[in-house]
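Peer 1: The structure that follows is given in the form of structure tokens.
Every read-out reported here was derived from the displayed coordinates using simple, explicitly stated rules and does not represent laboratory data. Quick caveat, the model's predicted, so the values are computed rather than measured. Don't worry about glycine lacking a Cβ; one is built from the backbone with ideal geometry, like all the others, and counts go over all protein chains shown.
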Amino acid sequence: MLNIILFGAPGCGKGTQAKRLAERYDLYHISTGEVIRSEIARGTELGKSMEGYISRGELAPDSIVVEMVRDYMRTHADKGCIFDGFPRTTAQAEIFDTMLDEIGAKVSTMIFMDVPEEELVKRILLRGKESGRADDASEEVIRNRIEVYRQQTAIVADYYTKQGKYSEVNGLGTMDEVFDRLSEVINKAE
Ligand code: ADP
């Protein structure tokens, strides 16, 4: 069963590629960012507690995000999954390993999509015009998300490198080119 983590800074293209990969490999796709946005849109208590973090471009608390994923896995454990935007801290990665272990599953591979910062900012601003996402509209919030990524998230790569599960692809080029690079890695994963 394939469990793939797509990894990289905000705007690197994880969401777009995750959707296509999920179709090609018949996997589920969970984006923790989307789960949070849908809680906010539905006006739930959980959503309300997350609003501040999202609008400032900070990470939501590990405990809440991990419970969201645990909940999702309760009904989506019959086939593999693409994890998009999770885990984003080493604490999340550790709990995630335990969670998967409990259901007899494991992470197959983490793939880092490498995109330079200026390109990230450009892409997110463009996306913001279409998506209407408030956290995509302000360059200040975008830069903060990239900074948070550097400070708290980039290190998660080390966690999977130690397990021999880390790969990198160039995230520049057409969507098809990036898709082919990702597929090449996934074809070798177990
Ligand atoms: P992007 O990758 O462009 O930042 P996402 O949709 O993945 O977009 O995430 C949007 C926001 O949701 C993040 O800035 C953060 O506040 C929150 N978020 C998403 N996933 C996590 C996570 N695993 N841990 C903590 N916060 C998260």
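Peer 1: Between Glu190 and Tyr25, 0.36 nm times their residue separation minus their Cα-Cα distance comes to what? It would help to have the intermediate numbers written out before the result.
Peer 2: Values: separation 165, 0.36 × 165 = 59.40 nm, distance 1.25 nm.
Length gained, Glu190 through Tyr25: 58.2 nm.
Peer 1: Which one, Thr75, Thr161, Thr89, has the greatest fluctuation when you compute a Gaussian network model over the chain with C-alpha springs under 10 angstrom?
Peer 2: Per the Cα network of the chain with a 10 Å cutoff, Thr75 tops the list.
Peer 1: Let me ask something additional. When the dipole is taken about the Cα centre of the chain, and only Lys, Arg (+1) and Asp, Glu (-1) are charged at their Cβ, what size is it in debye, to the nearest 20? Intermediate results must be reported in sequence, preceding the final value.
Peer 2: Working: 25 positive and 33 negative charges, 42 e Å.
Charge dipole, the chain, about its Cα centre: 200 debye, nearest 20.
Peer 1: Starting from the Cα-Cα distance between Arg70 and Glu177, subtract it from 0.36 nm times their residue separation and give me the gain in nm to one decimal. Each step should come with its number before you reach the end.
Peer 2: Values: separation 107, 0.36 × 107 = 38.52 nm, distance 3.29 nm.
Gain on extension, Arg70 to Glu177, equals 35.2 nm.
Peer 1: Something else: In a GNM of the chain with a 10 Å cut-off on Cα contacts, which of Glu45, Glu58, Glu139 has the highest mean-square fluctuation?
Peer 2: Glu45
Peer 1: Under 22 Å Cα to Cα from Lys19, which lysines show up? Leave out anything in the same chain fewer than 8 places away.
Peer 2: Lys79, Lys106, Lys122, Lys129, Lys165, Lys188
Peer 1: Over all directions, the average projected area of the alpha-carbon convex hull for the chain comes to how many nm²?
Peer 2: Projected area, direction-averaged: 10.0 nm².
Peer 1: Spin-label point model (7 Å from Cα, Cβ direction): what's the Ser63 to Ile155 distance in nm?
Peer 2: For the pair Ser63/Ile155, the computed spacing is 2.0 nm.
Peer 1: If you build a Gaussian network model of the chain, linking Cα atoms that sit under 10 Å apart, which residue out of Glu130, Glu39, Glu140 swings the most?
Peer 2: For the chain, modelled as a Gaussian network with Cα springs under 10 Å, the answer is Glu130.
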